[in-house]
Amino acid sequence: MRAVARCCGGHWPPGAAAADGMLWQTELRPHAAGEFSMAAAQANLIMEDQAQVLASPAATLVAVYDGHGGPDASRFLRSSLFPHVQRFAKEQGGMSTDAIRLAIGAAEEEFLREVRQAWPKRPRVAAVGSCCLLGAISGDTLYVANLGDSRAVLGRRVVGAGGVAVAERLSTDHNVASEEVRHEVAAQNPDDEQIVVHTRGAWRIKGIIQVSRSIGDFYLKNQEFSMDPLFRQVGPVVALKRPALSAEPQIQVRKLKPTDQFLIFASDGLWEHLSDNDAVQIVFKNPRTGIANRLVRAALKEATKRREVSLNDLKTIERGVRRHFHDDISVVVVYLDRHRGRRQTRVVDSSMNCTSSPVDIYSSSVQSVQPRTDYRDSG
């Protein structure tokens, strides 16, 4: 568990911040079945995305948390989800869908307790939530659990087609922009004609939020918050007959094959600008080192095209204002070498193989360039 504590307590290893102070990456590191690369870009005033990888001989855990309404829920998941996963996997005798479902349920309950404790002084915390994308590689089995619209995509080589890779989506976007998801939500609420409405240019649950599953967002799950006079000072009144959002993860299980090349886990900040196939081709056709950062920059390039500015111009735009150009972006690329017949990458010391993106990229970047105050001039 010390590896998890190290991972959840801060970003390790430090990684590298970009020149504009809003990008971060870890170029390439080992995990039990291959290598992985991570990168992130901050757009919000306070970073709401979080991402982490725990590489151990028993399993590789990958997570992307895309917060909304504030950073509280995604930061909570960063510190709490992996310990829950490891605990339930141990109790269940190994990684399984039950262990993952129990871990996510325990995280939701733990966050609810924290919200209730903070609620009297910070009622707005009841409106904070996060999407949650979790991947677990155990032996030759891949588990992908998802709540919200972060996404996992597999890059798979086509047999007999030479140097060709295709994209295979491994998660469902729980976003009412999808007609299928709108029908699902409506079917769960047959007596509520206003459960999904089109407002402010998009379909939204109760006219407020686009994702249908999340951790947190308790004011849309429990009337003890939404109808309380304390919350009504800071948020809209939401009459609920039942929870409007779900915390039930959708879990996919896949036996990895030799043709499975790599996985891309990313928040919707990436997928708003790159298609599944675009992302897979970038990874497939480029060197491994810094590949996650290459994906982030490709997304930023597309974002600036839409607003008719250059990447250099984007570097001059302050956090917060950047949100008008792109969302926070978190990306993890995981190579599956062992399952392709390549030599296995050995993770020798599991306590030293946990990597998390910075809690806030801008703050980390500012701290890294502060002048030293412990230097004494001997002259």
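The values are calculated or read from the model by the stated rules, or taken from the named source; none is laboratory data. Quick caveat, the model's predicted, so the values are computed rather than measured. Reconstructed Cβ throughout: ideal geometry from the backbone, glycine too, with neighbour counts over all protein chains shown.
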With respect to Arg169, is the statement that it is in the same structural domain as Gln252 (by TED's automatic domain parsing) and modelled with pLDDT of 95 or more true? yes
Residues (aliphatic (A, V, I, L, M) and without any contact (Cβ under 8 Å) to a residue 60 or more places away in the chain) located in the range 229-244: Val237, Val238, Ala239, Leu240, Ala244
What single numbered condition from (1) within 18 Å of Ile215 (Cβ to Cβ); (2) touching a Pro at 6+ places or on another chain (Cβ under 6 Å) fails to hold for Ala32? (1)
Name the residue, out of Ala303, Ala292, Ala298, that is under 22 Å from the mean Cα position of the chain (by Cα), at pLDDT below 95 and among the aliphatic types (A, V, I, L, M). Ala303
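One line per residue, one yes/no per condition, for (1) at pLDDT below 80; (2) surrounded by 13 or more Cβ atoms within 10 Å (Cβ to Cβ); (3) part of a loop (DSSP other than H, G, I, E, B):
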{"position": "Ile317", "(1), (2), (3)": "no, yes, yes"}
{"position": "Arg323", "(1), (2), (3)": "no, yes, no"}
{"position": "His326", "(1), (2), (3)": "no, yes, yes"}
{"position": "Val332", "(1), (2), (3)": "no, yes, no"}
{"position": "His339", "(1), (2), (3)": "yes, yes, no"}
{"position": "Arg342", "(1), (2), (3)": "yes, yes, yes"}
Please work out if Tyr375 is modelled with pLDDT under 85 and closer than 16 Å to Gln25 by Cβ. no
Quick test for you: out of Ser310, Ser330, pick the one residue that is among the small types (Gly, Ala, Ser) and more than 30 Å from Gly139 (Cα to Cα). Ser310
Give just the number: which of (1) buried (at least 24 other Cβ atoms within 10 Å of the Cβ); (2) within 19 Å of Ala73 (Cβ to Cβ); (3) not aromatic (Phe, Trp, Tyr) does Ala136 not satisfy? (2)
Six or more apart or on different chains, Cβ under 8 Å: which pairs go from a residue in the range 9-34 that's over 28 Å from Gly320 (Cβ atoms) to one that's hydroxyl-bearing (Ser, Thr, Tyr) and at pLDDT below 75? Could you list them? Pro30/Thr345; His31/Thr345; Ala32/Thr345; Ala33/Thr345; Gly34/Thr345
Candidate set from the range 40-56 (those that are closer than 17 Å to Asn353 by Cα and buried (at least 24 other Cβ atoms within 10 Å of the Cβ)); member that is nearest to the chain's Cα centre (by Cα): Ala51
Just one listed residue, out of Val181, Val125, is closer than 19 Å to Glu248 by Cβ, surrounded by 21 or more Cβ atoms within 10 Å (Cβ to Cβ) and in contact (Cβ under 8 Å) with a residue 24 or more places away in the chain, and it is Val181
